[in-house]
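Read through the structure below, which is laid out as structure tokens, and then see the notes.
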Amino acid sequence: MILCGFAIIVGFLTTRQIGIQFNDSVRKSADYLQGRARITFDPNTGAPDCGRLGDLASGESAKVRVYYFDGTLMCNNGGALDSRPRIEPKGSFPRDEDGYRVEARQVPVSPTGYAYILYARPFSATKATIAKVRFFLVFGVLGGAALALAAGLLVARRAMAPIAELTATAREIGRTRDPSRHMPQQEADDEVGELAATLEEMLQALDRAQSETEATLERQRRFVADASHELRTPLTSVLANLELLEETLHGDQRDAAASALRSSRRMRRLVADLLLLARADAGRVVPHRPTDLAQTLVEVAAELEPLAQSADHELSVDTGPGEVLVSGERDELHRLALNLIENSLRHTPPGTNVHAALAHVEDEVILVVQDDGPGIAPELRERLFERFVRGSGDGGPSGSGLGLSIVRAVARSHGGDVTVDETPGGGARFTVRLPALKQPAVA
């Protein structure tokens, strides 16, 4: 817009000045002809002789005519104005006619009288000059706009490069969740540099807060792990004494000892669950050994058979032919299978069928525990493996809400994972995938 306004102003002033100069030149040429005019008549024929007036004006492609004072044509140089105008004494000059600028001057005629010299110069050269000026102005506007656009883009790109770099770094920090990374330092002491310094200070504060939080969580994990480990010994002693009391006491005292024994066993199981989760959080890996998961699944089914019969469930197990070996800790894998099957038995209505199956697919061992019960509510399914999440059917002596979180912790500590989905009939199906133990090649 600035270039267009500048071009309009310059074009207007330039064309106006060219027109003024052209008119001045025509006027001066007409004055020059007036001063050099020598019009005479032949003594013999009486024909008028205008001398070299035409030669004086031919350099500018101009036309010259001489008229008597009454408007009769006396001399003619060029035919552009042959037909008109008819010069009248009352006519106004200068004027524009037929693409010419026309000036008229009065000159004396020998021996007496006067005549009019009509001098006309074409506008064509002036119009060509004006057209060139306008062309160069338009070209200058377009070229200047293009150069300004290119320069603006270059400057904007260089100006926005630090912002783009800060944005990319912030996006990468958000993706990795690593506040220990540093923002790129800016050399210029401007708003962008101040923004980078502010973001750097914020990241340092977040890094310190995260480090403090992780240190606190690590201390809590160690405390839970150590406390759970230390509680196992006195709990074992308490259980042994309560079992002895239950055998020796009678009546109400025996019932009280049995109730305390049940609570102590529940406490031992809860402590064992907390210890297992604390070890998983702290990254403590229990030594793994080759374990036959098929045998473990059979032992779990035998252990839970009384529970299945008391709840009127049909429990079936399919381990496939032969051993199914994985590298793991036997007690933890036993707990994984136990929690999965017990979860299905406790949280499905009587008469539900629960089926556990093992399969060896390529490099994975797949354990599937499914039932034909009512399934799991969609809003609960995504949070099912979180700690202390309990469904509407949880409760009883073992409803701590840690069973499935232990399943996931054990599966991940063994290099696998667990998922839950629906069976074709609408029941729940839990799938555990673990790396299979590679057998050594036989020579």
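Quick one: which of 33-41, 334-342, 401-409 comes out on top by average Cβ neighbours within 10 Å, and what's the full order, highest first?
Values: 33-41: 15.6, 334-342: 23.2, 401-409: 21.3.
Ranking the peptides 33-41, 334-342, 401-409 by packing returns 334-342, 401-409, 33-41.
When you count, for each residue, the other Cβ atoms within 10 Å and take the mean per peptide, how do 101-108, 140-147 rank with the highest first?
On the way: 101-108: 18.6, 140-147: 13.1.
Averaged packing, sorted descending, gives the order 101-108, 140-147.
With the Cα gyration tensor of the stretch 149-261 giving a ≥ b ≥ c as the square roots of its eigenvalues, does the rule (a/c under 1.5 for rounded; else a/b larger than b/c for prolate; else oblate) give rounded, prolate or oblate? Let's see the in-between values first.
Working: a/c = 7.74, a/b = 5.24, b/c = 1.48.
Since a/c reaches 1.5 and a/b is larger than b/c, the shape of the stretch 149-261 is classed as prolate.
Note down the magnitude of the dipole of the chain about its Cα centre, charges +1 on Lys and Arg C-beta and -1 on Asp and Glu C-beta and zero elsewhere, to the nearest 20 debye.
On the way: 50 positive and 60 negative charges, 751 e Å.
Charge dipole of the chain: 3600 debye, to the nearest 20.
Step by step: find N for the chain, compute 2.2 N^0.38 Å, then divide the Cα radius of gyration by it. What's the final number? The partial results should precede the final answer.
Details: Rg = 54.6 Å, N = 443, 2.2 N^0.38 = 22.3 Å.
Expressed relative to 2.2 N^0.38 Å, the Cα Rg reads 2.45.
Tell me, in nm to one decimal, what length is gained between residue 25 and residue 254 on full extension, where the rule is 0.36 nm per residue of separation less the Cα-Cα distance?
Working: separation 229, 0.36 × 229 = 82.44 nm, distance 13.65 nm.
Extending this stretch completely gives an extra 68.8 nm.
How many angstrom lie between the Cα centre of the stretch 256-309 and the Cα centre of the stretch 144-218?
When both Cα centres are located, 50 Å separates them.
Quick one: how many lysine pairs in the chain have C-alpha atoms under 28 angstrom apart, if they're 8 or more apart or on different chains? Show your work: numbers first, answer last.
Numbers: 28/63; 28/90; 28/127; 28/132; 63/90; 63/127; 63/132.
Value for the chain: 7.
Sequence-distant or interchain residues sharing an amide H contact under 5 Å with residue 352, placed H: which?
So residue 352 has HN proximity to 314.
For the stretch 188-318, what mean projected area does the convex hull of the alpha carbons give, in nm²? If you can, show how the numbers build up before the last one.
Details: hull surface 64.5 nm².
With the hull built on Cα positions only, its mean projection is 16.1 nm².
Listing 325, 380 from the residue with the fewest other Cβ atoms within 10 Å to the one with the most, what is the order? Display every interim value, and only then the final one.
Values: 325 17, 380 13.
Going from least to most buried by this count: 380, 325.
Report the FRET efficiency, 1/(1 + (r/R0)^6), for residue 9 and residue 163, where r is their Cβ-Cβ distance and R0 is 35 Å, rounded to 0.05.
Numbers: r = 38 Å, r/R0 = 1.08.
Efficiency at R0 = 35 Å is approximately 0.40.
With a length cut of 20 Å (Cα positions projected on each helix's long axis) and a Kyte-Doolittle mean of at least -0.5, go through the chain and give me the DSSP H helices that pass.
Details: long enough: 2-36 (50 Å, 0.36); 124-176 (75 Å, 0.89); 191-248 (83 Å, -0.35); 252-282 (44 Å, -0.26); 293-310 (26 Å, 0.57); 330-346 (23 Å, -0.57).
Once both thresholds are applied, what remains is 2-36, 124-176, 191-248, 252-282, 293-310.
Would you please give the FRET efficiency between residue 286 and residue 323, computed as 1/(1 + (r/R0)^6) with r the Cβ-Cβ distance and R0 = 22 Å, to the nearest 0.05? Write out the running numbers ahead of the final one.
Working: r = 21 Å, r/R0 = 0.97.
Taking R0 as 22 Å, the efficiency between residue 286 and residue 323 is 0.55.
Among 420, 324, which comes first, then next, by fewest other beta-carbon atoms within 10 Å? Don't skip to the end; give the middle numbers.
Details: 420 19, 324 23.
Ranked by crowding around the Cβ, least crowded first: 420, 324.
Can you compute the helix-only [θ] at 222 nm over the chain? Use -39500 (n - 2.57) per DSSP H run of at least 4 residues, normalise by all residues, nearest 500 deg cm²/dmol. Walk me through the numbers before you get to the answer.
Working: 9 runs with 232 residues, N = 443.
Result for the chain, helices only: -18500 deg cm²/dmol.
Only the coordinates and a few stated rules stand behind these numbers; no lab work does. Bear in mind that the values here come from a model prediction, so they are computed numbers and not experimental data. Glycine gets a Cβ as well: all are built from the backbone with ideal geometry, and neighbour counts include every protein chain shown.
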